[in-house]
1. For residues that are free of Cβ contacts under 8 Å to residues at least 60 places away in the same chain and either touching a Lys or Arg at 6+ places or on another chain (Cβ under 8 Å) or in a loop (DSSP other than H, G, I, E, B) (or both), tally how many sit in region 107-127.
2. Can you run down the residue pairs with Cβ atoms below 9 Å, 6 or more apart or on separate chains, where the first is in region 306-322 and more than 17 Å from Q278 (Cα to Cα) and the partner is assigned to a helix (DSSP H, G or I)?
3. G334 fails exactly one of the following numbered conditions: (1) on the phi > 0 side of the Ramachandran plot; (2) at pLDDT 95 or above; (3) in contact with a strand residue (DSSP E or B) (Cβ under 8 Å, 6 or more places away or on another chain); (4) of a type outside the set (D, E, K, R). What is the number of that condition?
4. Just the residues that are in contact with a Lys or Arg (Cβ under 9 Å, 6 or more places away or on another chain), surrounded by 13 or more Cβ atoms within 10 Å (Cβ to Cβ) and farther than 18 Å from H143 by Cα, please, taken from region 26-63.
5. Looking at A141, A92, which is the one that is under 30 Å from F300 (Cα atoms), buried (at least 23 other Cβ atoms within 10 Å of the Cβ) and in contact with a Cys (Cβ under 9 Å, 6 or more places away or on another chain)?
6. Among the candidates L294, L243, single out the residue that is of a type in the set (A, V, I, L, M, F, W, C), part of a helix (DSSP H, G or I) and in the same structural domain as G121 (by TED's automatic domain parsing).
Amino acid sequence: MTTNLLEFDLDGLAAFCEQLGEKRFRATQLFRWIHQRGASDFDAMSDLAKALRDKLKGCAKVEALPVVSEHVSSDGTVKWLFDVGDGNAVEAVFIPEDDRGTLCVSSQAGCAVGCRFCSTGHQGFSRNLTTGEILAQLWFAEHSLRKRFNTEDRVISNVVMMGMGEPLQNYAALVPALRVMLDDHGYGLSRRRVTVSTSGVVPMMDRLSQDCPVALAVSLHAPNDPLRDNLVPLNRKYPIQELLEACGRYLAHAPRDFITFEYCMLDGVNDQLEHAQQLIELVRRSGVRCKFNLIPFNPFPASGLLRSAQNQVLAFSKVLSDAGIVTTVRKTRGDDIDAACGQLAGDVKDRTRAAERMAKQRTIVLKPVT
């Protein structure tokens with residue numbers, strides 16, 4: 001059985017090479033070939049001794065995930081669907097902008113959190129991805145895009161763990177993947193340019209702050225517990241007060257001096273000006289330095305929810321901005337290829353009877369203000 005070397009961070013690769021009787025500097029050379037140059041053919045790794053290359057050919061490989069499909073949006077956004085076996089697939093999305101290239105990466109096949117406004121959550125949960133499956137998305141995207149754009153320069157400058165799944169519920173695989181992204185011998189990304197998005201897994205937020213602090217985005221989506229309980233079921237385990245306290249603790253170690261709060265704008269549900277006032281009070285009481293990213297909802301039939309009107313989003317944003325809170329409205333990108341926020345679903349089997357549960361939830365009338 002051969003080992004996929006995408007599964008290892010540098011320390012892991014060094015331990016693997018040590019088992020082959022090789023010194024650490026050989027692992028560093030190998031690591032650079034894989035991640036900086038995108039090499040998968042050991043014979044092409046010219047500064048490795050032939051004896052080592054022969055050993056590697058007998059026990060190792062560098063293998064990307066099979067690509068099921070690729071779609072390119074009219075705005076340049078690219079979405080790939082990757083096969084992860086057993087009828088499951090995950091998606092990654094590249095978003096080009098003038099000053100950056102951002103890759104949105106998946107951490108799970110499906111998602112167990114079940115947020116009402118997220119298409120992935122409605123598909124149910126299949127399994128966690130391995131470190132190699134997380135990194136394979138970046139490895140494939142970076143090096144295929146370099147060929148496409150005919151450049152040797154780095155194409156992907158930012159990675160956001162905002163694809164399918166709750167990253168902090170796959171912590172053991174996530175952290176080594178983050179370390180490869182940050183490693184100067186790997187992708188050399190800044191901690192400020194790697195973002196983990198979470199719906200609020202408080203204990204793992206605390207662990208991440210110690211193990212591998214990167215930028216943090218928290219899916220808030222409501223200003224009070226009753227409303228958030230319904231929109232983000234994880235809130236019943238880790239309510240808003242606990243979540244905000246964890247955000248405060250994280251900031252002591254974070255590369256940025258603020259937490260980004262993601263807020264999906266849902267018509268008549270969480271988008272009233274009273275909700276904005278509640279958010280202001282919430283932030284002021286907590287003392288957490290933050291900015292809000294308002295996300296236009298991308299409707300899908302199973303949600304039973306609608307996108308807030310543009311004028312309502314702007315009015316909501318103005319209330320927050322006038323209170324001195326930095327607030328942005330996310331541009332919709334890739335929605336013509338179902339690559340926008342909350343639309344990633346892939347080919348995931350519903351193993352949690354999510355459709356049935358969500359149908360029951362949609363019978364609940366959400367009041368604008370609690």
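1. First, pick out the residues of region 107-127 that are free of Cβ contacts under 8 Å to residues at least 60 places away in the same chain: 111, 127.
Subset that is either touching a Lys or Arg at 6+ places or on another chain (Cβ under 8 Å) or in a loop (DSSP other than H, G, I, E, B) (or both): 111.
So the answer is 1.
2. Listed pairs, sorted by first residue: R307/V313; S308/F316.
3. (2)
4. Across region 26-63, the qualifying residues are L48, L52.
5. Values: A141 fails: in contact with a Cys (Cβ under 9 Å, 6 or more places away or on another chain).
Just one listed residue meets the conditions, A92.
6. Numbers: L294 fails: part of a helix (DSSP H, G or I).
Residue meeting the stated conditions: L243.
For every residue, the table says whether it meets (1) aromatic (F, W, Y); (2) surrounded by fewer than 24 Cβ atoms within 10 Å (Cβ to Cβ); (3) in contact with an Asp or Glu (Cβ under 8 Å, 6 or more places away or on another chain); (4) under 23 Å from K61 (Cβ atoms).
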| residue | (1), (2), (3), (4) |
| --- | --- |
| D98 | no, yes, no, no |
| T102 | no, yes, no, no |
| S107 | no, no, yes, yes |
| Q123 | no, no, yes, no |
| G132 | no, yes, yes, yes |
| F149 | yes, yes, no, no |
| Y171 | yes, yes, no, no |
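The values are calculated or read from the model by the stated rules, or taken from the named source; none is laboratory data. Since the model is a prediction, treat every value here as computed from it, not as a measurement. A quick note on method: Cβ atoms are made from the backbone with ideal geometry, for glycine too, and the neighbour counts reach across all protein chains shown.
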